[in-house]
Amino acid sequence: MISKQYIKDLEFNNIEEFFNYVVESKINGNYTQTKEFIKKMNTEQRHDFKFYLDSCFFDTETKEELINIMLEV
């Protein structure tokens, strides 16, 4: 689970900023880091992340790759 403290430790203000960081990690080729972040998400956070991708992110290739990573872990 991604706690509020974990988000603060990474110097983000909210979970949406964290989600954006996960997306940017994937875009920058940091697959291992991306996978670790997704692993730490609980079921509800993964659902919220998918909603974030569907509503805020329009690069379908990257979105599909991130959804596939969620299915792997």
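With the charge dipole of segment 4-72 set up from +1 on Lys and Arg Cβ and -1 on Asp and Glu Cβ about the Cα centre, the Cα lying farthest toward the positive end among the listed residues G29, F19, M41 is that of M41. Simple spin-label estimate for E36 and E16 gives 2.7 nm between the two label positions (7 Å along the Cα-to-Cβ direction from each Cα).
Tell me, rounded to the nearest percent, the portion of alpha carbon pairs in the chain spaced more than 17 Å apart. Here the long-distance tail beyond 17 Å is 35 percent of all Cα pairs in the chain.
For chymotrypsin sites (Phe, Trp or Tyr not before Pro), the sites in the chain that DSSP calls loop and that have at most 10 other Cβ atoms within 10 Å are F58.
What list do you get for V23, V73 if you sort them by fewest beta carbons within 10 Å?
Result, fewest neighbours first: V73, V23.
Taking every alpha-carbon pair under 8 Å whose residues sit at least 6 apart, the chain reaches a relative contact order of 34 percent. For segment 1-42, the list of trypsin sites (Lys or Arg not before Pro) that fall in a loop by DSSP and count at most 12 other C-beta atoms within 10 angstrom is empty. Taken about its Cα centre, the chain carries a charge dipole of about 280 debye when Lys and Arg each add +1 at the Cβ and Asp and Glu each add -1 at the Cβ. Straight-line cross-link reach from K4 at under 16 Å between alpha-carbon atoms covers these lysines, not counting any fewer than eight positions away in the same chain: K40.
Laboratory data are not the source of any read-out in this text; all were calculated from the coordinates shown. No experiment lies behind these values; they were computed from the predicted model shown. Because the Cβ atoms are built from the backbone with ideal geometry, glycine has one as well, and the counts that use them run over all protein chains shown.
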